[in-house]
Each structure stands twice: as C-alpha cells, then as structure tokens.
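This report refers to the structure that appears directly beneath it.
The values are calculated or read from the model by the stated rules, or taken from the named source; none is laboratory data. Predicted, not measured: the structure shown is a model, and the values here were computed from it. Here Cβ is always computed from backbone atoms with ideal geometry, including for glycine, and neighbour counts include all displayed protein chains.
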C-alpha cells in the first residue's frame, strides 16, 4: 500500500478526423467576458516546528472532521464545499471550448474498448473463473464455468464431474451492486478453496473503507452480517472454514487482522500491529500450507504464519523484523522460498529455508544476488519457480525447476512490458504471463513450464482498429547532471515529424520503488493519433533500473527524481523530439508531487502541468500523524517532526511551500473528495496559492470529483471521461485555448 492508464477502417477514419496538433481546440469561441477565478480567503496560521516557522494561509481548507467526511462527503464544512464548487464551476467555464474535443476523445477511447469482453479464465479444480463485461456495462460480472473435460491435476486425469451444473454461473454482478450509487468498486473478490463460497469487498464511497460480503454459491444468497470497516484485504483459510481480513482504523490505517467462521459467527482478533508506521495484510501461500500475515513499510518487513492444519492457532514470526531488511515469504510444498534484500542484496535474492525453521539463520541462497538485476517477484507451482526481473526499464521472466535449471521467456523489442501472472493452482505445469509494448496490445499466454510451449489465449482487441506498424517505439537515455542515464520511452505515429514541432506529453512518477512499465494504453492514442509524441521518463525513485534506482531518490536524495525528469525533458528537446514550452507534463499522486516540484524548478519547459491527485503539501502532510499514510511513509520522505535535517530538505522542494511569483505554465490539479491517500485539500491549497503567484496570465484550474476518491470514477466509461478531460486540457494548454478570439 502506498500513496499513490486502468483499464483498420476505423483507424483510418480516426486519422482522417484527427485534429492537427496546433489547430483550434474546438472551433467554438470563448465568451467575450472571461470567467472570473475564485479568490480563496487567507487566514494565516503560524506554525512553529523544530525552531522553524512557516505561515500557512490556507490551512482552513482542511476539514477538522475529515475522517467522517471520507465516509460521508455531505458532512464537509460549508465554506470548503462552497469554494470547491466555485473552483469546479470556474474550470468548467474556462474549458467550455474543449467540450466537443472531450466528447470526441471519449468516443474514441470508448471505441477502442471491446464492450462485450471477458478475461481469460483461470482454472482451479473443476471450475474456470473469469470476469466479463456486457455491452454498456460500467462494471464487471464475476463468473465461473465448469472446466472442460478431461483435465489434469498433477498426475491425475479427471474425466467426470463432482457436480451436475454445466452452465456458466454468475457469482456477482457488480453493475447491480452499483445501481443507485454515485460510486461503487469491487476492490477484491475470491472464492473459497472448496468452491462453496464467494467473497467480495466493496468500496461504496471511494474512501477505501470496505465492506466484505460472503455469498453461498449453493443457494445464491449473500450471507447476513457483512464485515465492515475493512481495508478490502481478506482471504479464506485453506480449509475454507474461516475468513481472515484486515481492519481499517478511524485514521484509515490497517491495524488488526481478524478471523471469523466463513459463514458468519464470532469475530476473533488474530493480530494487532503496535507500530502505526507499518502496513499489514493477510493471504495464503501458493501451496495453501499456511496463512501469512505480512507486515511492512518501505524498508522493513516481517511475516507471521499460521499452519493450514491449525487455522485458529496464534501466528508465529518467521523472521523478526529488522530495520532496512525486507523479505516476503511463500511456501513451495516442502520448504520456504523467500525474496529478500538481506546481506547487502540491494537488488534482492531468493533464498530457501526448511518448513519448520524459516528464520534467517537457516536461509540458503537459491538465486544469488546480482547487482543490476532486480528481482521484482516470485510465482510458485509444484515443481517450478517463476520470477520476474527488471533491468534497464524492461522486464524479463525466468523459469527455474527444482534441479536448478533455468531458462528465460525471451522478447525482442526495444521497450516492452512483461508481467508474470503465475497460476491459480499449485499442482500444475502451466503459468500465465502477459506481454505488450507502447504500440502493441496485450497478448495473454499460457506457458507450459515443462515443454516450454506457449499457448496464446487472448489478444487485446481494439474494435475501432489498431495497427502497431503505424507507430514507432523508441528508447532514449537522457544524461542526468551526475552522469546517470535516465531511460525515456517514446511512442509516436510514423508520420509524426521529429523536428521539434510536435507537442509532447511527458509522464513521470518516481516514488516508492514503483516502476513505470513501457506498456500499451488505448487512451494515449487519442493524443498520439493527433500528432503528439507520448513519452515516459523512467526516473529515479522508481525501480526501473533496479532497487538502487529507488534508493538513490528518497529522503535526502529525493531531488534526483525531479532533476531526472527535467533532464529527460532537456534531452528530448536536444533530440528535436520537442521544444521548450511545447511540452505538457503529467503525473499523479506522488507523481503529482513531481509535477509540483518541476513546475517550480523549470516552469519555462512546460506549456501545461497536469497534477492528478497531487501530493504537494509535503511538510504539512508529513507532520500530521492523524493522516493515514504519514507514519508509514517517514522511511520514504523523512520525519519532519523530529529531524531538523529532514525538515529543511523537505521544505526545500515541497511544491506548496516553494510556490513564488514567477511565470508558471497552465496548471490543472485534480482530486477526489473521498481520497484518503492524497486528501482533497492538497490540490485545493496548491491552486489557491499558485493562482495569485503566477505572472504568466496562464490559467490555474482545479477539478475535484465530489463523488470519488484516489482512483477517480469507478465505472470504466466514467473513468474515460476523466482521461478525456485531462487530455483535452493538454491540447488546450498547447493551443493556448483561453486566448481564442471571441
């Protein structure tokens, strides 16, 4: 958990109707009298901290009752609601000329989605589980169907059914669940190991406060007394008799693991975490031998395990937590398999340990550490281990058998994304993986680990048409000031000139060790097919080039994230991929903090800045221990409550605090009223401070979704409207749409 793209005739038609890069945004005229922006009142609040003093004029925007507002937005104080409503109205008026473009982009994006679609079924026992969408559906339908006969489980061939049902079975229609609600998202769903029950977690507000429901698949009835105030994380015990889940406290943090009978009954506390700086979750091992409670922050972790044979037993520590050591554990039939950075293995290694002695004293290297080869994750089946590795901003998948023999699933493209999906059964020789690239839609394969044969199960359809040969994907390396080379992935149409004339959108994130994959997104084509270049900067703070790529841009080296992004932009300009002032920068959440920082540092580079749910009020947020993510994120940013050096460094880049009078580009900040990760008042305060500070005359706009949280709208089509809005802003910023003559 941390702060912060979802989900050939027609192609020719789209190209024929695409807008020129520098054309008028809509052809519509702005009104003679421009809209008047809201003026936020100032109520100076003096804050003294560690001998430092800061004055915050807009602290009043934070609702003192914010925890209740997350659960019920109608409780927000009147003056805050009035200001947010005025900001939304101002943005809508300013961007009114983009409405035809937004509508056109939305229809394009919707036209690239196969409306009646389904996932590749995952086999488990006598069933195949999958999700599907019907035409017009905003939300998925969770389904299962009998597994085709005959099928094999390990050495056994199954030729008959243990049940009479031969038809697909609807487990949950999330559209019906969402009926009448402004927001509804099923964040997790799982069937019990004996296939008798189906559980799902619903967030009905966008605040990430979940209820967990259990359905009896024999009767079709949802059992009474759902679990409330949960994080959305849960699992069944291996014997299907119990449900374990993670509680969410009043400050929005996961603090306890509970257990109760799967069909309802008395609740028992299994584990309580005393350190509010740790995240906790619960799950099962791949072989269903253990229930595992995982406890971790960005630099320290611990696992506590419960044997499947005694699901009501007290959890036992596998290896005690130690600061700066991370590990995650899975069980491989007769031993533990553990991914860890122990023993200075900064890019991680894989060790094994006996089932009854899983502590570090018994760890033995299975896959030794290799600097520059970051092991991202491990998937286990009975006789094989699959691991996903990352190097030079690309991924690869390695398969290892019990003898230690290894082979790679190879790919030949300059920039791409591989994702190891593993298997839903343990006793199998088949794992699933996905492949795509910025120009190539996703292909899903089943890979036979024994024969090394791959079976193509699905290719992502683009109903409106898409030919990868019409596009060019490139990988550049931008030199940073300290000599590091920052990978940059580019996507453009072959017909787009590389002479600096094309507008460019540069996307970045760069936090928590989360890499930005060079992946396929149908939504981006609405810019690229208009003659834009789309670029991803694989900056430090992510793990795109290994875990050290992350470690070299956190705490007291965080500014490397921002300077890497600027270096990427400057290199693109030097390579004639763009011109200064003809680039729109985009990032969300912690990537929104990146947007705020580069907006302050180099406003001359950008035509526009899109900060989505931007984490910009860094000092105030990291000093407020009541907020859900503050204590758990001190390892990432530093603790400005106790550490003067951390305070001063954080203050030197905090986007909100570093706003000053200068010629800022056009800015769009977005947020959600129910967002517990980046609270609504961060973008609200940022805009309030930016607007009177900018000397450029370019607009500073705020969009607050009053009915959603961190991820925006929950429906797949409603979400596209938000993407279309942001991309229309990008075109508007390049075209200076606010200057259109009356």
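Quick look at the numbers
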{"item": "Residue that is surrounded by the fewest Cβ atoms within 10 Å (Cβ to Cβ), among those in segment 353-367 that are out of contact with any helix residue (DSSP H, G or I) (no Cβ under 9 Å at 6 or more places or on another chain) and part of a strand (DSSP E or B)", "result": "364"}
{"item": "Filtered residues of segment 431-473 (kept if buried (at least 18 other Cβ atoms within 10 Å of the Cβ), over 26 Å from the mean Cα position of the chain (by Cα) and within 30 Å of residue 192 (Cβ to Cβ))", "result": "447, 449"}
{"item": "Subset of segment 570-597 [outside any strand (DSSP E or B) and surrounded by 22 or more Cβ atoms within 10 Å (Cβ to Cβ)]", "result": "572, 577, 578, 589, 590, 591, 592, 593, 594, 595, 596, 597"}
{"item": "Residue identified as in a strand (DSSP E or B) and under 18 Å from residue 593 (Cβ atoms) among 667, 687", "result": "667"}
{"item": "Pair list, Cβ under 7 Å, 6 or more apart: segment 409-422 residue closer than 21 Å to residue 449 by Cβ, other residue part of a loop (DSSP other than H, G, I, E, B) and modelled with pLDDT under 90", "result": "418/411"}
{"item": "Counted residues, segment 444-494 - those being part of a strand (DSSP E or B) and farther than 30 Å from residue 568 by Cα", "result": "11"}
{"item": "Which listed residue is on the phi > 0 side of the Ramachandran plot and in a loop (DSSP other than H, G, I, E, B), from 324, 313, 370", "result": "324"}
{"item": "The lone exception for residue 567 - which of (1) closer than 21 Å to residue 729 by Cβ; (2) surrounded by fewer than 24 Cβ atoms within 10 Å (Cβ to Cβ) it fails", "result": "(1)"}
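So that you can scan it fast, the table gives a plain yes or no per residue for (1) surrounded by 24 or more Cβ atoms within 10 Å (Cβ to Cβ); (2) more than 19 Å from the chain's Cα centre (by Cα):
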{"residue": "499", "(1), (2)": "no, yes"}
{"residue": "522", "(1), (2)": "no, no"}
{"residue": "536", "(1), (2)": "yes, no"}
{"residue": "540", "(1), (2)": "yes, no"}
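Results for (1) out of contact with any helix residue (DSSP H, G or I) (no Cβ under 6 Å at 6 or more places or on another chain); (2) within 16 Å of residue 417 (Cβ to Cβ), shown as yes or no for each residue.
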position	(1), (2)
436	yes, yes
439	no, yes
444	yes, yes
450	yes, no
454	yes, no
464	no, no
468	yes, yes
